[in-house]
Every structure is written in C-alpha cells, then in structure tokens.
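Below is one structure, written out as structure tokens; the observations come after it.
The values are calculated or read from the model by the stated rules, or taken from the named source; none is laboratory data. Values in this document were obtained by computation on a predicted structure and should not be read as measured data. Positions of Cβ are generated from backbone atoms using ideal geometry, with glycine treated the same way; all protein chains shown enter the neighbour counts. The accessibility values were calculated without ligands, DNA or RNA, using every heavy atom of the protein model including side chains. Shrake-Rupley method; radii C 1.70, N 1.55, O 1.52, S 1.80 Å.
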Amino acid sequence: MNSLKMFSKLIDAFRISPFLRLSLTFVVSLVAALIIASLLSSCEKAILTDEAETTEITDKSTGELYVTCSFLQAQSEITRASSVPLNECATRVQYVIMNGESIVHNSEQINGGGSSFGTLSVNLEPGTYRLMIFAHNEHNGNPISVGTDGSIQGFNNRATDSFSYSTEVVITKNKRKAVSCKLTRCVAFLSFTSTDEIPSDVAKFKLTLMGVSSKFDLRNEIGADATTYATAMVNISNWKSNAGMMSNVESYVFLPAIETTINAKFEFYNNANELVLTRNIDNIQMRINSKTTVTGAFFQSDGMDATITVDNDWGEEIVINDLNN
C-alpha cells in the first residue's frame, strides 16, 4: 500500500514540476541518439570491407598494392589453359610501376626457393598506375636496366625464356589492392640443325638475325624495335653432334610483332678466321610463345632448301618449305 502511495506521489510531482519533465525528456533523447549512432557505425564498417579487390589497411595516407604472380600456359583451343607457379619457370622477376611517364618503383627478386618469390607488397600514394612485370631466366646477369620509357634491354643483346604482364591499377587511400597476375611467355624460340656434316675446314661461325628486337616494351608487352643481332665468333665444335652435324644452334628472341618473319645469316670460318662459306636463310616465320626449328643442308654449295617448322604451343605444328640462296 505504501508503494502505491509513493508511486502516485511521484506521478503528481512530474505533472506539477516542468524541470523534472524536461530532465526526463533529455535523458530519453540522449539514450536514443547513442543507439542510432551505434547502428550507423556498424553499417559504415560493413560498407568499408565489402569490396572484391580492396580491403582496409592501417596507414591512412597511402594504399597498398599486393601482387601475386604465376605463369599462364596457353594451350590448344580444345584444352584449357593451366596456371604454373612462377618459381617453376623463372629465376628472376622484375617489378616496375609507373605513374604517367615516371617510374615510382623498380625492384628485382631472385628465386631462392622461398614462398615470397613472385609476390610484391608496396605502399603508393592514391592514384592510377601502370604495373609491369618481367620474369626471366638469366642466371649470371646483373639486374636488368629499365629505361625511362618502360623498356628493357636484352642481356648482351639476347634474351632468355621470359614472361611478362602489364596492367593499369588504381590505388585508393587506406585500402589494399590485390592483383593476381597471370604472366605469359613474351619471347619466341629459334633453333637451327643441319642435315649434312660440318666440312673439315669449318671451325667457327657467326650468326646474324635480322628483324628481331633488341629491346622489350614492358608497357605494351612487345619488342620495341626491329634491328639486327649478331653473335660473337664461336667454335662450331660446341654444336657438333656425334654424327658430325651442326645441332641445336638456339636462341630466344624478342619480336616487334606477335607474328612476323626474320632473316638469318651464317658465316662459317676456318681456324685462321678466314671466311669459308656464307649461308642465308630468309623469311623465317616466327611467333611469340612458339618455337621455330630450321633444318636443312647448311654446307651444300648449291644451297639446298631448308625445312622450317613452327611449333605453336597452342595447337598444331606449321611446316613451311623455304627456298634459300
């Protein structure tokens, strides 16, 4: 009974006192505001993390670019392409990032068997960048030199089995941009084998290739020029088979187009460095990510035809008969 009297008196006090009514209204409004703010805060966090390629990071002024690389082996149209870990096909990888015409990042990784090979993490100011990756198999060379135009020079004007990737990325403040890069082979392969024996007076040779590229454009993933590449004088005994024939004179090359033709010239010398024989082979069909094999009678005075086989990694072989002079 006493409790009912006290409750009744409390109600009468609220009715009589404007101050108590105002205080109660303020407390109720404050509690409601706190609840609404908490709900809005929860919604904001959900929006920040609901992104397919970016996630929140702690540094508030920059964004992180996180790169993982693998080799995409393109096969025939009737089979699917397969992805191969980069450390199974390359010994070195170069990362180049450009902002407009300026290089803002240039680094190299060497394959040491660890899991970090083929991955990169770098913080960048917000903006649009060009990410360019070049993986190769030069074992003894120094890091490759990258030109201000985003091109690279072959090692001693030659290439190794190489793979590339180029894409545009947008970096946002306080976000991680994850890019999974599928590199593709960016060189062509050329091999020469004779079907006749090496003459006894031939001891050395030079090989000149006309129409290949000495530089590679990382931005556009193609050879940057069409030029002439000549080897130094080499001993032919290093390429002499047990049957006495010249075997597997090979070279990886950059090309100025996806598919093109080049010319080759062999100059054969004796031990006194006197020219014995010149052999020209014209219109050799080449294709990036393909192997071209040239076989024929290199040492016949009448210049017999050579058979040129283009081994296309995607499908069938293409066999071409090429007349030589």
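List of remarks:
- In the context of the full set of protein chains, residues of segment 105-205 present 44 Å² of accessible surface per residue (probe radius 1.4 Å, heavy atoms only).
- Separation of segment 163-200 and segment 234-301, taken as the distance between their Cα centroids, equals 24 angstrom.
- Packing-based ranking, highest mean first, of 230-240, 91-101 given that Cβ atoms within 10 Å are counted: 91-101, 230-240
- Positive-end residue, segment 101-227 charge dipole about Cα centroid, Cβ charges, pick of 224, 180, 154: 180
- By the Kirkwood approach, averaging reciprocal distances over each pair of separate Cα atoms, segment 151-294 gets a hydrodynamic radius of 17.0 Å.
- Cβ-Cβ distance of residue 139 and residue 200, R₀ of 35 Å, FRET efficiency by 1/(1 + (r/R0)^6): the value works out to about 0.50.
- Out-of-range pairs (alpha-carbon distance over 19 Å; input 215/265; 206/265; 215/240; 177/215): 215/265; 215/240; 177/215
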